[in-house]
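**Q** Have a look at this one.
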Amino acid sequence: MKTLKYILIACICTNITVTYLYPQDEKVDSLKRLLQSPRQDTVRINANIALSNLFIEDKPGTALLYAVTALSIAQNIKNTKLIARSSHTIGVCYDYIGNLDSCLYFLNNAASLYTSLNDKEYLSNVISDMALAYYVRGNYELSLRNHFTALKLRQETGNKSYVAKSLNNIGVLYRSKKDYTNAIHYYRQSLAIKEELHDEQGILNTLINISSAYNSEDKFDSTYYYAYRAMQLAKKIHAEKDIYGSQVNMGAALVGLHRLDEAEAVFYDVEKRALVHNDRDVLITVYEGLGDIFSSRENYAAAESYFLKGLETSKKNQRKERMEVFYRKLSKCNRMLTNYALAFNYADSATTLRNDLLNEENLRQLNEMAAVYETAEKEKQIDKLNAQNALAAAEAIHNKKERNYFILASVLMLALAVLVWIAFASNKKKKKQLATQNELIEKSLQEKEILLREIHHRVKNNLQIVSSLLSLQSDYIADEHALQAVKESRNRVQSMSLIHQNLYQENNLTGIDIQDYIGKLCDNLFHSYNIQHNKIKLIKELQPMNLDVDVVVPLGLILNELITNSLKYAFNDGRDGAIKIILKEEDSLLKLGVYDNGTGIQQKPKDEYGFGYKMINAFLQKLKGKMNIYAEDGTKVDIEIKNYKLV
């Protein structure tokens with residue numbers, strides 16, 4: 001599986017030209033004869049590098065020996081360019097072996113040498129291979145940084161073919177991060193360049209990538225359009241695997257478009273050819289699609305048989321995320337077939353796998369953040385050393401000038417010249433130190449801002465994961481009260497997630513634009529309870545202000561409860577109505593009002609109110625606030641908060 005993984009990614013991302021998947025005996029013998037013949041050292045170096053490239057996928061250890069030999073000869077003849085090429089090849093060998101530290105050490109050496117030679121094209125290839133090394137190990141952030149650096153270099157050199165590869169690589173990274181909008185954006189840029197260059201195979205690969213990204217977004221019309229274009233091109237250039245690879249995307253799109261008969265015919269055709277090539281990834285999609293088709297037709301026995309095939313194929317490919325999907329769908333089939341014990345077992349397996357995947361993703365994100373932090377710290381140390389070296393060089397220059405002044409100056413002016421020079425040098429040194437310190441402070445602030453944004457991003461992602469888990473769990477809850485409780489909990493989590501989303505997207509990392517936040521919160525709740533705005537009108541009278549995040553979190557949860565209560569109970573008799581939200585600062589108080597013209601609240605003792613009322617009172621104690629509730633033409637809730645902070 002490890003070898004297969006590297007080959008798959010290499011087909012997409014690598015920049016080292018490896019023409020042969022398996023070394024050809026004739027080619028190997030020819031290169032070995034070059035090593036034995038009394039030829040120039042440069043010929044022997046190139047032969048060793050070529051042999052390393054031939055063996056790199058099947059026998060990376062052997063490839064490493066050839067690359068090290070090439071480096072040794074290049075160092076003996078002091079050929080900087082060939083030292084760089086050999087170091088580059090050694091770095092890639094270590095990547096295939098799985099030694100990241102050695103890989104990055106030699107790739108960084110190669111990058112330094114290509115920088116000194118001002119060879120931007122080879123430098124971009126080295127940086128792109130660094131990005132690949134990080135990508136294989138799940139560090140998407142550092143991989144993305146390096147791909148953008150490589151892209152900039154390739155744009156400067158004007159090599160459009162390499163620019164298209166970098167754009168495609170960036171699209172792959174964003175797709176791995178499940179940011180399909182950005183993935184499609186960069187795929188489209190790559191596609192435009194490949195069309196300009198008439199690179200038909202490259203166009204075909206990118207069309208399939210775009211189709212898959214749209215399918216992940218459930219945009220099935222676009223999925224079908226790009227998959228159909230890919231299939232037509234694959235037929236033109238006789239790319240058999242790409243033909244049925246495109247067709248399987250068409251079948252998935254047809255299922256999403258509810259064109260089940262057409263999808264079924266496509267999947268049966270693709271299954272035959274995928275079985276011939278033992279293409280398990282395609283077969284997984286085929287079996288899921290056929291299972292969905294029969295499930296839609298309520299033929300759950302047939303659906304179960306295909307889901308079982310998909311599960312077994314996913315196990316062979318060690319695709320945990322696909323196994324979780326099949327377990328979940330098998331649970332539903334057996335529930336419909338009244339095989340409740342089996343349905344429960346499948347549901348339990350799905351939950352276990354889902355938890356494993358969540359833990360793996362959290363661990364990957366933690367490792368990624370640690371690697372980003374360590375890289376930033378190393379960059380700071382390098383900058384500090386560079387600043388010290390620059391200061392030392394400047395001092396050396398000043399000392400030399402000072403000696404010249406002593407020689408040229410007259411004896412009578414010596415004392416005065418020394419005093420003037422010392423004062424001048426001291427002042428200049430202080431200014432340089434101050435400028436250096438300011439630069440370090442500015443850089444540190446920028447890095448802290450980036451890390452703070454990343455933290456808010458991660459918190460938002462984790463809250464979204466919790467929200468998704470609650471949504472998935474609700475599929476298995478039959479009790480209406482429990483289902484409602486889960487739904488309300490999910491809305492509370494989403495209200496907090498919106499806060500962290502605003503924080504990392506805006507320039508202000510500690511304050512929230514309250515107008516924008518309340519608008520998004522209301523839209524989310526109206527959508528959650530399937531409320532049309534023409535049915536219940538929303539009126540907002542919100543004073544423009546930015547509130548501290550420590551105030552917005554409890555305030556958002558209070559608003560979530562009050563608006564939820566109005567949506568659930570004020571208009572449950574089917575009447576039309578309106579909800580009005582007022583937020584303003586007045587008399588050193590933050591005043592919040594939530595009014596509706598519904599059926600009106602039924603007053604009852606405090607100990608009979610539910611969890612939401614108790615939660616609101618707990619938050620009001622923290623905010624030093626008080627709440628009044630009136631039943632006048634509906635329900636009116638007025639809240640005054642003393643403990644708040646504007647930013």
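**Q** Select the helices (runs of 4 or more DSSP H) contained entirely in region 264-342, then report the ones holding at least 3 residues which are farther than 27 Å from residue 224 by Cβ, touching a helix residue (DSSP H, G or I) at 6+ places or on another chain (Cβ under 9 Å) and not hydrophobic (A, V, I, L, M, F, W, C).
**A** Working: elements: 280-296, 300-316, 320-336.
Result: 300-316, 320-336.
**Q** Being of a type in the set (Val, Ile, Thr) and touching a Lys or Arg at 6+ places or on another chain (Cβ under 8 Å) is the requirement here; does residue 136 meet it?
**A** The answer is yes for residue 136.
**Q** Here is a follow-up. Report the residue count in region 258-275 for those that are closer than 16 Å to residue 309 by Cα and either aliphatic (A, V, I, L, M) or loosely packed, with under 12 Cβ neighbours inside 10 Å (or both).
**A** 4
**Q** Which residue, of 35, 51, is assigned to a helix (DSSP H, G or I) and either of a type in the set (S, T, N, Q) or modelled with pLDDT of 85 or more (or both)?
**A** So the residue among 35, 51 that is assigned to a helix (DSSP H, G or I) and either of a type in the set (S, T, N, Q) or modelled with pLDDT of 85 or more (or both) is 51.
**Q** Quick check on this structure: which one of 286, 282, 270, 248 is under 27 Å from residue 342 (Cβ atoms), touching a residue at least 24 places away in the same chain (Cβ under 8 Å) and among the β-branched types (Val, Ile, Thr)? So that I can check it myself, show each step before the final result.
**A** On the way: 282 fails: under 27 Å from residue 342 (Cβ atoms); 270 fails: under 27 Å from residue 342 (Cβ atoms); 248 fails: under 27 Å from residue 342 (Cβ atoms).
Of the residues listed, the single one that is under 27 Å from residue 342 (Cβ atoms), touching a residue at least 24 places away in the same chain (Cβ under 8 Å) and among the β-branched types (Val, Ile, Thr) is 286.
**Q** So if I check each of 180, 135, 226, which one is surrounded by fewer than 22 Cβ atoms within 10 Å (Cβ to Cβ) and either of a type outside the set (Val, Ile, Thr) or over 28 Å from residue 96 (Cβ atoms) (or both)?
**A** 180
**Q** Only residues in region 517-535 that are touching a residue at least 12 places away in the same chain (Cβ under 8 Å) and on the phi < 0 side of the Ramachandran plot count as the first member; pair them with residues that are assigned to a loop (DSSP other than H, G, I, E, B) and among the polar types (S, T, N, Q), Cβ under 9 angstrom, at least 6 apart or cross-chain, and list the lot.
**A** As it stands, the answer is 526/532, since those pairs meet every condition given.
**Q** Pull out all pairs, ordered by first then second residue, where Cβ-Cβ is under 8 Å, the residues are six or more apart or on different chains, the first lies in region 419-441 and is within 17 Å of residue 401 (Cβ to Cβ) and at pLDDT 75 or above, and the second is small (Gly, Ala, Ser) and not in a helix (DSSP H, G or I).
**A** Taking only residues 6 or more apart or on different chains, not a single pair turns up.
**Q** Let me ask you something else. Which of the residues spanning region 113-124 are surrounded by fewer than 24 Cβ atoms within 10 Å (Cβ to Cβ), in contact (Cβ under 8 Å) with a residue 12 or more places away in the chain and of a type in the set (S, T, N, Q)?
**A** 116, the sole residue that qualifies.
**Q** In addition: What tally of residues in region 212-266 results from selecting those that are modelled with pLDDT of 90 or more, among the basic types (Lys, Arg) and more than 21 Å from residue 293 (Cβ to Cβ)?
**A** Adding up the residues that qualify gives 3.
The values are calculated or read from the model by the stated rules, or taken from the named source; none is laboratory data. Keep in mind the model is a prediction, meaning the values are calculated, not measured. Ideal geometry is used to build each Cβ from the backbone, glycine not excepted, and the neighbour counts take in all protein chains shown.
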